[in-house]
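Data first, discussion second: the structure below is written as structure tokens.
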Amino acid sequence: MEEGTVQTPSEPPPLPYSLRTRKKSIAFFWTIFVIDTLAQPLILYWCLWYLTDLSPNLVFSIVTASLGGVSVFEYFYRLHNLFRKKSRARPLNSRVSWLDFFQINFTIVWLILAVELVVGSVPEQPYVRLIAMVLPTVMFYFGFVYLSLDIFRMMGFKAPFRISSTPKGSVMPTALYALIEDVVAVDGGGGQIYRYALRTRYLSSPYFRRMLFEMNCFWSGGSIICAAAITAVIFTVQENVAFTLGWTLPFAWAIIWTLITIPWVQSDLRREKKAWAENRGQGGIPWVDDISAPTARTRFASVQANIWPWTRDDQSPPSTPSVGAEKVPDVPRGVSNGAHDVPNDASSSAPHEASHVTDATYDGTTLGNPNVEPSTEKLSV
């Protein structure tokens with residue numbers, strides 16, 4: 001093969017992680033989480049309120065003190081994984097003491113909830129409706145934060161600070177990408193290998209980026225709308241009903257959204273694979289988060305076009321590269337996620353094939369170190 005060329009793969013870069021092999025651990029975690037966050041507060045409230053002579057203040061002091069055991073454990077578990085020496089879970093090319101984006105938001109939302117619970121439970125006559133707002137508050141917070149990220153992205157803003165593995169000054173990443181990266185890498189045990197694989201997939205596939213953007217709008221927008229509806233219910237019905245609905249309706253919403261999401265994502269991943277095989281170039285600047293890159297129509301866009309035909313646009317399909325190898329620019333040796341002079345992104349330019357990931361290690365400190373002096377040597381296959 002000619003020097004300086006790369007054979008375009010027939011499929012999108014793979015993600016080295018499977019939920020099928022982790023079904024038991026996932027089921028165990030969510031069972032404990034539901035018991036801790038849904039069953040426990042409701043059982044304690046109804047039993048202590050109607051079966052004892054305890055004061056309202058004491059009832060809600062007990063209820064609030066019992067909340068969040070799983071979440072507190074998860075918080076410190078993540079903190080340990082991110083801060084420990086030679087961590088393999090922290091964001092790519094980050095400092096030893098750097099938190100990922102999810103942990104930062106986890107901290108902020110816990111501070112908000114702590115204030116909410118203290119203010120609601122301390123008075124002699126507790127503010128029951130405020131205590132019932134714990135889960136809707138979480139929905140409001142993450143909904144607004146993650147939706148705002150994508151709005152800023154569409155407006156052309158750059159990342160004002162490091163967002164997990166996305167360096168400061170890069171194109172603002174779609175929020176769901178950062179969430180998936182952080183949760184799978186730390187909580188799911190995928191580590192930096194998964195962070196690198198996901199970043200490669202994200203930068204190489206415009207269809208994948210579009211899918212994550214649409215899915216983020218679906219979840220973030222849905223959480224804001226549903227949280228607003230739940231809030232209206234909480235401040236309308238009787239207090240005991242408000243407390244019950246405030247802790248149950250968010251779970252009902254999450255179940256419905258999950259049941260919609262699973263077949264949606266499965267369909268889009270099949271479409272992405274097909275689009276990649278037909279148009280391997282996928283349009284846009286290779287290995288760069290090019291927001292304007294053309295891509296095949298996603299499932300959401302197809303459904304929208306069927307329901308509202310007048311919304312159809314004359315999208316040009318992604319350009320199809322010539323058969324065989326295509327020319328690629330010089331690839332700096334040792335750079336997998338550092339900053340370099342590429343328009344719209346300063347994150348990664350290395351192809352995903354193992355033979356091209358040179359000088360990339362996952363020890364938490366040397367993966368694509370941006371301080372490495374770029375080499376002028378061409379990538380050869």
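The values are calculated or read from the model by the stated rules, or taken from the named source; none is laboratory data. Bear in mind the structure is a predicted one, so any value in this text is a computation, not a measurement. Positions of Cβ are backbone-derived with ideal geometry, glycine not excepted, and every protein chain shown enters the neighbour counts.
Brief remarks follow.
- Only residues that are closer than 18 Å to residue 100 by Cβ, of a type in the set (D, E, K, R) and touching a Ser or Thr at 6+ places or on another chain (Cβ under 8 Å) were counted in segment 169-224, giving 4.
- Pairs meeting the criteria (first residue in segment 104-130 and in contact (Cβ under 8 Å) with a residue 12 or more places away in the chain and over 17 Å from residue 66 (Cα atoms), second residue assigned to a loop (DSSP other than H, G, I, E, B) and of a type in the set (S, T, N, Q), beta carbons under 9 Å, at least 6 apart or on different chains) are 124/55.
Table: residues versus (1) under 18 Å from residue 16 (Cβ atoms); (2) touching a helix residue (DSSP H, G or I) at 6+ places or on another chain (Cβ under 8 Å).
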position: 130; (1), (2): no, yes
position: 133; (1), (2): no, yes
position: 146; (1), (2): no, yes
position: 161; (1), (2): no, no
position: 184; (1), (2): yes, yes
position: 194; (1), (2): yes, yes
position: 201; (1), (2): yes, yes
position: 216; (1), (2): no, yes
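- Put simply, of 92, 135 the only residue that is at pLDDT 95 or above and either β-branched (Val, Ile, Thr) or on the phi < 0 side of the Ramachandran plot (or both) is 135.
- Test for residue 200: is it over 25 Å from residue 152 (Cα atoms), polar (S, T, N, Q) and either surrounded by fewer than 19 Cβ atoms within 10 Å (Cβ to Cβ) or touching a residue at least 60 places away in the same chain (Cβ under 8 Å) (or both): no
- The sole residue among 66, 87, 97 that is at pLDDT below 90 and more than 28 Å from the chain's Cα centre (by Cα) is 66.
- Residue check: residue 37 meets all listed conditions (1) among the β-branched types (Val, Ile, Thr); (2) closer than 24 Å to residue 165 by Cβ; (3) touching a residue at least 60 places away in the same chain (Cβ under 8 Å) but one, namely (2).
- Check on residue 103, out of contact with any strand residue (DSSP E or B) (no Cβ under 6 Å at 6 or more places or on another chain), under 24 Å from residue 196 (Cα atoms) and polar (S, T, N, Q): yes
- Pairs with Cβ under 6 Å, 6+ apart, first in segment 1-27 and of a type in the set (Asp, Glu), second surrounded by 10 or more Cβ atoms within 10 Å (Cβ to Cβ) and at pLDDT below 85: 3/378; 3/380
- Of 123, 160, 173, 136, all but one fail to be buried (at least 22 other Cβ atoms within 10 Å of the Cβ) and outside any helix (DSSP H, G or I); the exception is 173.
- Inspection of segment 177-188 finds a residue satisfying the criterion of being in contact with a strand residue (DSSP E or B) (Cβ under 7 Å, 6 or more places away or on another chain) and either surrounded by fewer than 23 Cβ atoms within 10 Å (Cβ to Cβ) or in a helix (DSSP H, G or I) (or both).
- Residue check for residue 218: within 27 Å of residue 178 (Cβ to Cβ) and either assigned to a helix (DSSP H, G or I) or touching a Pro at 6+ places or on another chain (Cβ under 6 Å) (or both): yes
- Segment 221-241 - residue that is in contact (Cβ under 8 Å) with a residue 24 or more places away in the chain and either of a type in the set (Asp, Glu) or part of a loop (DSSP other than H, G, I, E, B) (or both) and, of those, nearest to residue 143 (Cα to Cα): 235
- Of the residues examined, residue 51 is one that is loosely packed, with under 13 Cβ neighbours inside 10 Å and modelled with pLDDT of 90 or more.
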